[in-house]
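See below for the structure under consideration.
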Amino acid sequence: MPAVSVRELSKTFATVRAVDRISADFYPGEIHALLGENGAGKSTLMHLLSGLHRPDAGEIRIDGQPRVFTSPRAARAAGIAMVHQHFMLVPTLTIAENILFALPGSGRDIVRRSLVGQQVQELASQYSLTIEDPNALVSTLSVGSQQRVEILKALAANARVLILDEPTAVLTPHEVDGLFHTLHNLKGAGYLILLITHKIPEVLAISDRLSVLRQGKLVATRETSSCSAEELADLMVGESASPSIPQARPPEPSLSMGHQAEPSLLALENVWLRAEGARRMLRLMAMVNPSWSVY
């Protein structure tokens, strides 16, 4: 049974149909990539699942049961948490204090700081998430460390569906490798990972299945192993993303021989490069392809 299903889900902002009658199923124990260009509707669809927005039409089902989320807190109570591209952390508080805010419970509960810190360390170790001292201020952490704190917040809140919005956008290559290792561990533990991205190589490297969105519509859902980068690029843009490159033509005959010149492929006007030998570089460019005009 799918962990999450959406049926004919739609959302409009003013005159823009951001999500247009999308139906899809997402299963536990998989990394499912939401792929598309900017404005394709990926984030809006996930905002509907995470309770940030309410759909205009359609239905969200969790474990087969229809659910209505009026807020992110309601979605978290149903087991869905989202790690946004811009982190939702309080920089003046510690790691443990930020995670404490995500825990279910009453405002009257007595909180033992040392116990919370111990639980944070245990949770991090369980999923191979390296974090600093739980009493460290978030403002002192690297971007990669802050992202791990956000993931821990979701896990501490008992989320079983984890949505990540462009999670590698601000990470170093080493941090990306660490994130992917964590996601594999979570997948092995039965979590559903929904990955919003526009980076085709990362989709091919990490996901089990993928869904391609374009202009608010779901255009394809595939097993990642059956896809190529070229096919995914074509699905994203709706046409061939790799147009054939015209063959180079031989230099046109000189005007002095009575032939008309062909239109220039490229014209540069008032171009300046403040570097030694720049003028010579531009002259060389014009010599390499005489059909280009350099002014």
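The values are calculated or read from the model by the stated rules, or taken from the named source; none is laboratory data. What you see is a predicted model, and the numbers here were worked out from it, not measured in a lab. Glycine gets a Cβ as well: all are built from the backbone with ideal geometry, and neighbour counts include every protein chain shown.
Working carefully through the options D208, D177, find the one that is in contact (Cβ under 8 Å) with a residue 12 or more places away in the chain and charged (D, E, K, R).
D208
For R67, only one of the following conditions fails: (1) touching a residue at least 12 places away in the same chain (Cβ under 8 Å); (2) surrounded by 14 or more Cβ atoms within 10 Å (Cβ to Cβ); (3) touching a Lys or Arg at 6+ places or on another chain (Cβ under 9 Å). What is its number?
(1)
Scan the range 223-239 and tell me whether some residue there is in a strand (DSSP E or B) and either assigned by TED's automatic domain parsing to the domain that holds H184 or in contact with a Pro (Cβ under 9 Å, 6 or more places away or on another chain) (or both).
Checked against the condition, which is being in a strand (DSSP E or B) and either assigned by TED's automatic domain parsing to the domain that holds H184 or in contact with a Pro (Cβ under 9 Å, 6 or more places away or on another chain) (or both), the range 223-239 yields at least one hit.
Out of all the residues in the range 130-145, is one or more in the same structural domain as A74 (by TED's automatic domain parsing), in contact (Cβ under 8 Å) with a residue 60 or more places away in the chain and of a type outside the set (F, W, Y)?
No, the range 130-145 contains no residue that is in the same structural domain as A74 (by TED's automatic domain parsing), in contact (Cβ under 8 Å) with a residue 60 or more places away in the chain and of a type outside the set (F, W, Y).
G51: farther than 13 Å from L218 by Cα and surrounded by 22 or more Cβ atoms within 10 Å (Cβ to Cβ), yes or no?
Yes, satisfied.
Quick one: would you say E8 is in the same structural domain as L210 (by TED's automatic domain parsing) and either crowded, with 22+ Cβ neighbours inside 10 Å or in contact with a helix residue (DSSP H, G or I) (Cβ under 7 Å, 6 or more places away or on another chain) (or both)?
Spelling it out, it is not the case that E8 is in the same structural domain as L210 (by TED's automatic domain parsing) and either crowded, with 22+ Cβ neighbours inside 10 Å or in contact with a helix residue (DSSP H, G or I) (Cβ under 7 Å, 6 or more places away or on another chain) (or both).
Taking the range 185-215 as the region of interest, how many residues are touching a Ser or Thr at 6+ places or on another chain (Cβ under 9 Å), in a loop (DSSP other than H, G, I, E, B) and at pLDDT below 95?
Number of matching residues: 1.
Hand me the list of strands (runs of 3 or more DSSP E) wholly inside the range 1-95 holding 3 or more residues that are aliphatic (A, V, I, L, M) and either under 27 Å from R214 (Cβ atoms) or modelled with pLDDT under 95 (or both).
In the range 1-95, the matching strands (runs of 3 or more DSSP E) lie at 4-13, 16-26, 31-35, 57-62, 80-83.
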